[in-house]
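The values are calculated or read from the model by the stated rules, or taken from the named source; none is laboratory data. All values derive from a computational prediction rather than experimental measurement. Note that we place each Cβ from the backbone using ideal geometry, even for glycine, and neighbour counts take in every protein chain shown.
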Amino acid sequence: MKRIKKEYYFIAILLICFTLLSLFVAFGKMDVIDKNIFDNIIKIKNTPLTEFLRVITHLASTIGISVLVVLTGILFYTKKDLSSFKYVVINVISGVVLMQVIKHIIKRARPAWKWIVQDGFSYPSGHTISAFLLYGTLMLLVYKKVHGKFRKSLLIGFTLMIILTGISRIYFGAHYVSDVLGSVILGTIILIISNMFMNKEFNGVKDKTKK
């Protein structure tokens with residue numbers, strides 16, 4: 001009997017979690033929790049923090065992510081490694097497409113307390129999933145391909161950008177906590193699948209090199 005890869009179990013569990021969360025959101029079961037968490041986060045509101053998080057949230061906008069992807073592509077081009085860069089493009093686009101489909105299925109309105117201009121539906125968070133997949137894919141590539149003193153710093157930096165992006169969306173009232181959580185779960189599924197393809201491709205390259 002063929003052994004089932006552990007990644008498939010993780011994907012199945014995450015899909016169940018995402019489905020349950022989406023149902024809770026659709027039927028308003030997360031509203032009270034979301035409001036309470038926002039009320040606690042907004043207590044730390046201050047001008048320096050607001051300006052800092054504004055930069056973070058702009059970096060995760062459509063324009064911000066597009067610019068970062070292009071810059072990343074240029075970097076990979078200079079390193080003659082466009083085969084790795086394709087994962088960045090595929091993952092970000094996949095996340096954006098899935099996010100838009102789900103948004104128009106759930107049709108959750110934005111929080112009433114938002115204090116930045118934001119159109120469209122709320123669940124899941126587009127900024128969060130775009131940033132999660134961009135930085136998350138780069139983390140996978142760094143973990144597999146980068147060695148030396150900068151490796152740990154890059155991994156920490158990308159992790160912080162993911163966390164700060166999610167916090168910024170809640171802080172500005174553009175999204176509920178459950179919107180951000182939904183994006184993280186969905187993004188994780190995409191990254192697990194992507195990692196499986198990366199392992200197959202990169203291990204294959206190593207095997208050919210040894211020959």
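Of note:
- Of all residues in region 182-211, those that are modelled with pLDDT under 95 have Cβ atoms under 9 Å from Cβ atoms of residues that are among the small types (Gly, Ala, Ser), 6 or more apart or on another chain, in MET198/SER84; GLU201/SER83; GLU201/SER84; PHE202/SER84; VAL205/SER83.
- Matching residues, region 73-83, being exposed (fewer than 11 other Cβ atoms within 10 Å of the Cβ) and not in a helix (DSSP H, G or I): LYS80
- Per-region count, region 127-151, residues of a type outside the set (Phe, Trp, Tyr) and either touching a residue at least 40 places away in the same chain (Cβ under 8 Å) or in contact with a Gly (Cβ under 6 Å, 6 or more places away or on another chain) (or both): 14
- Options ILE65, ILE11: the member that is in contact with a helix residue (DSSP H, G or I) (Cβ under 8 Å, 6 or more places away or on another chain), under 20 Å from SER178 (Cα atoms) and surrounded by 12 or more Cβ atoms within 10 Å (Cβ to Cβ): ILE11
- When we screen VAL55, VAL32, VAL70, VAL25 for residues that are under 14 Å from SER178 (Cβ atoms), free of Cβ contacts under 8 Å to residues at least 12 places away in the same chain, of a type in the set (A, V, I, L, M, F, W, C) and part of a helix (DSSP H, G or I), the only hit is VAL32.
Each row is one residue, and each column tells you yes or no for (1) polar (S, T, N, Q); (2) modelled with pLDDT of 95 or more.
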site: ILE44; (1), (2): no, no
site: VAL101; (1), (2): no, yes
site: ARG110; (1), (2): no, no
site: TRP115; (1), (2): no, no
site: GLN118; (1), (2): yes, no
site: HIS127; (1), (2): no, yes
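- Residue under evaluation GLY148, criteria (1) modelled with pLDDT under 95; (2) touching a Leu at 6+ places or on another chain (Cβ under 6 Å); (3) small (Gly, Ala, Ser), criterion not met: (2)
- Scan of region 117-155 for residues that are among the aliphatic types (A, V, I, L, M) and under 16 Å from TYR176 (Cβ atoms), ordered by number: ILE129
- Of residues in region 104-158 being assigned to a helix (DSSP H, G or I) and of a type in the set (D, E, K, R), the one surrounded by the fewest Cβ atoms within 10 Å (Cβ to Cβ): LYS152
- Residue satisfying all of: in region 159-180; buried (at least 22 other Cβ atoms within 10 Å of the Cβ) and within 12 Å of the chain's Cα centre (by Cα); farthest from LEU53 (Cα to Cα) among these: ASP179
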